[in-house]
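Undergrad: Sending over a structure as structure tokens; questions will come in a sec.
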Amino acid sequence: MTDFKTYCAILDRARAGHFALPAVNVTSLTTANAALRGLAESKADGIIQVSTGGGAFASWTALKDSAVGAISIAEHVHRAAKRYPIYVALHTDHCLKDKLEKFVNPLVEETEKRRANGKPNLFTGHMFDGSNLSLDENLEIAEKLLARFAKNDLVLEIETGAVGGEEDDVVGEHSAKLYTTPEDTLEVARRLNPIGGRYLLAATFGNVHGVYKPGHVKLRPNVLKECQEAVVRKYGEGARFYLVFHGGSGSAQSEIHESLDYGVVKMNVDTDMQYAFTRAVAGHMFKSYDGVLKVDGDVGNKKAYDPRAYLALAETSMAERVKKAVTDLRGNGQTMFSS
Ligand SMILES: [Zn+2]
């Protein structure tokens with residue numbers, strides 16, 4: 001696990017070196033292990049991320065307490081990450097205003113309790129998604145969160161503009177606000193920078209959550225460049241943003257690389273991981289259907305229907321996809337661990 005100081009140094013180095021950390025969404029021990037393994041095999045630092053839906057799932061499907069599930073996953077990652085020679089940060093993903101109370105707030109309280117007892121933070125950072133609100137209300141909430149986060153060495157992630165498509169229960173708009181403007185991001189800097197601490201900005205540039213056929217929406221990474229130039233012109237080099245790329249599944253390599261050149265340091269990867277995981281399970285089920293099923297009164301094959309048989313394959317397949325994400329983000333071998 002990384003502490004706040006190291007994490008800030010990792011983000012600084014990524015931005016200066018034009019590479020980024022994949023933020024892999026996980027919902028279980030197996031997917032968390034796949035993320036750790038993929039990062040470690042790439043010798044890359046990275047981010048493991050839990051959404052409200054992921055936390056609810058991990059808590060058990062009848063309880064659906066997103067904070068409980070997120071804490072369980074985080075505690076596992078704290079233990080498991082110790083065995084790998086890389087740094088791992090733990091984030092929570094999109095959290096709308098009306099879910100802060102049930103998700104982000106209890107997790108921050110948990111970190112505050114741990115810190116009071118001399119223990120490390122539970123999560124490294126949390127995202128507040130106010131992109132469905134007015135910019136003013138979005139930033140009003142972000143200001144309060146950042147003040148609290150700065151005291152606790154927590155990183156805040158916010159979003160301006162709206163991402164299209166659907167992720168968990170967050171349904172984005174399809175045309176309006178798909179591109180953040182330099183004016184929006186100048187307002188972000190004006191209001192958040194005096195508070196201190198560290199925040200990441202998901203400024204949308206035509207991103208769509210989930211996978212759509214090519215041509216659905218036009219990505220314009222140049223929007224990020226314009227936002228950075230405007231903020232540096234007005235507030236100086238120290239105000240340059242740490243950007244996050246949401247909704248990047250299915251993006252062209254050239255678009256990803258261009259966004260890295262403009263200061264993207266974190267890229268969320270969820271949909272592609274889900275497919276990699278399920279693809280391996282599907283392969284197992286089709287290949288061993290007469291082992292996983294009791295066909296025509298037969299007894300099946302315990303070795304085939306033991307969940308470990310296909311979950312291990314899924315772990316390997318997802319770890320490979322994580323390695324590809326690291327490569328796409330120019331992150332191979334970039335760990336700061338022991339250097
Ligand atoms: Zn987003």
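The values are calculated or read from the model by the stated rules, or taken from the named source; none is laboratory data. Because the structure is a prediction, the values reported are computed rather than measured. Note: ideal-geometry Cβ built from the backbone for every residue, glycine included; neighbour counts use all protein chains shown. Just so you know, the surface numbers come from the protein's heavy atoms only, side chains and all, with ligands and any DNA or RNA stripped out. Shrake-Rupley method; radii C 1.70, N 1.55, O 1.52, S 1.80 Å.
Undergrad: For the list (1) touching a helix residue (DSSP H, G or I) at 6+ places or on another chain (Cβ under 8 Å); (2) under 18 Å from residue 24 (Cβ atoms); (3) open to solvent by 30 Å² or more (accessible area, probe 1.4 Å); (4) in a loop (DSSP other than H, G, I, E, B), I need the number of the one condition that residue 272 fails.
TA: Against the list (1) touching a helix residue (DSSP H, G or I) at 6+ places or on another chain (Cβ under 8 Å); (2) under 18 Å from residue 24 (Cβ atoms); (3) open to solvent by 30 Å² or more (accessible area, probe 1.4 Å); (4) in a loop (DSSP other than H, G, I, E, B), residue 272 comes up short only on (4).
Undergrad: Residues being open to solvent by 40 Å² or more (accessible area, probe 1.4 Å) and closer than 19 Å to residue 270 by Cβ: count how many of those fall in segment 77-95.
TA: 0
Undergrad: Sticking with this one: Quick check: anything in segment 235-246 closer than 25 Å to residue 27 by Cβ, within 16 Å of the ligand (Cβ to nearest atom) and not aromatic (Phe, Trp, Tyr)?
TA: yes
Undergrad: Now a separate question. Just checking, how many residues over segment 104-130 are hydrophobic (A, V, I, L, M, F, W, C), in a loop (DSSP other than H, G, I, E, B) and within 16 Å of the ligand (Cβ to nearest atom)?
TA: The number of residues fulfilling the criteria is 1.
Undergrad: One residue is enough: does segment 45-53 have a residue meeting the conditions within 16 Å of the ligand (Cβ to nearest atom), at pLDDT 95 or above and farther than 27 Å from residue 314 by Cβ?
TA: no
Undergrad: Quickly run through segment 242-261 and pick out the residues that are buried (at least 24 other Cβ atoms within 10 Å of the Cβ) and in a loop (DSSP other than H, G, I, E, B).
TA: Selection gives 246, 247, 248.
Undergrad: Would you pick out the residues in segment 194-210 that are among the aromatic types (Phe, Trp, Tyr) and either at pLDDT below 95 or within 10 Å of the ligand (Cβ to nearest atom) (or both)?
TA: The one that is among the aromatic types (Phe, Trp, Tyr) and either at pLDDT below 95 or within 10 Å of the ligand (Cβ to nearest atom) (or both): 205.
Undergrad: Still on this structure, I have one more. Out of all the residues in segment 247-282, which are in contact with a Pro (Cβ under 7 Å, 6 or more places away or on another chain) and within 16 Å of the ligand (Cβ to nearest atom)?
TA: Listed by number, the residues that qualify are 259, 267, 269.
Matching residues to (1) under 17 Å from the mean Cα position of the chain (by Cα); (2) modelled with pLDDT of 95 or more; (3) not in a loop (DSSP other than H, G, I, E, B):
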residue	(1), (2), (3)
291	no, yes, yes
304	no, yes, yes
311	no, yes, yes
317	no, yes, yes
320	no, yes, yes
323	yes, yes, yes
336	no, yes, no
